Amino acid sequence: MTACAFASAVDDPKRFSGPHQLEAYLGLVPSERSSGEKQHRGSITKTGNSRVRCLLIQAALSLLRVRKPETEHLREWAERIAARRGKKIAVVALARRLAGILFAMMRDGTKYRPPQAQEEEMEAA
């Protein structure tokens, strides 16, 4: 479901200059209220497609609950953020990272390869 909704929302990845622009388009970046030298970051902007944003957050929650070897590095990364900032912020950060990964997969036309698999391929070459 998440992949289909993401693909329909993004449509053509060439519209975006990079994953950060897509993450902002989906409303997964913090809002900012700045004045002079003070910078205050608030909750996420929630612009863009709310259905895709909700599905990405549900996928992030699922990754945190289920232990799979191919997604272990993402879970550990999110747990380190959760220890510092809290679980809700870690879930949104993981959803943002998932959006970046899905964007790269669409742009390059590749399948997902965990970092361990990438390292093994480089050693074999």
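The values are calculated or read from the model by the stated rules, or taken from the named source; none is laboratory data. Everything numeric here is computed off the predicted structure, so don't read it as measured data. FYI the Cβ positions are ideal-geometry reconstructions off the backbone, even for glycines, and counts take in every protein chain you see. Quick note on the areas: whole protein, heavy atoms, side chains included, nothing else; ligands and nucleic acids left out. Shrake-Rupley method; radii C 1.70, N 1.55, O 1.52, S 1.80 Å.
Checking each residue in segment 44-72 for being farther than 17 Å from ALA99 by Cβ and of a type outside the set (Val, Ile, Thr) picks out ARG65, ARG67, LYS68, PRO69, GLU70, GLU72. Per the listing LEU56, LEU26, LEU102, the residue uniquely open to solvent by 20 Å² or more (accessible area, probe 1.4 Å) and touching a residue at least 40 places away in the same chain (Cβ under 8 Å) is LEU102. For the residues ARG15, ARG41, ARG65, the requirement of being touching a Ser or Thr at 6+ places or on another chain (Cβ under 8 Å) and open to solvent by 90 Å² or more (accessible area, probe 1.4 Å) singles out ARG41. Among the residues here, THR47 does not qualify as of a type outside the set (Asp, Glu), assigned to a helix (DSSP H, G or I) and at pLDDT below 95. Taking the numbered list (1) closer than 22 Å to GLY18 by Cα; (2) open to solvent by less than 80 Å² (accessible area, probe 1.4 Å); (3) at pLDDT 90 or above; (4) more than 16 Å from the chain's Cα centre (by Cα) in turn, ASP108 passes all entries but (2).
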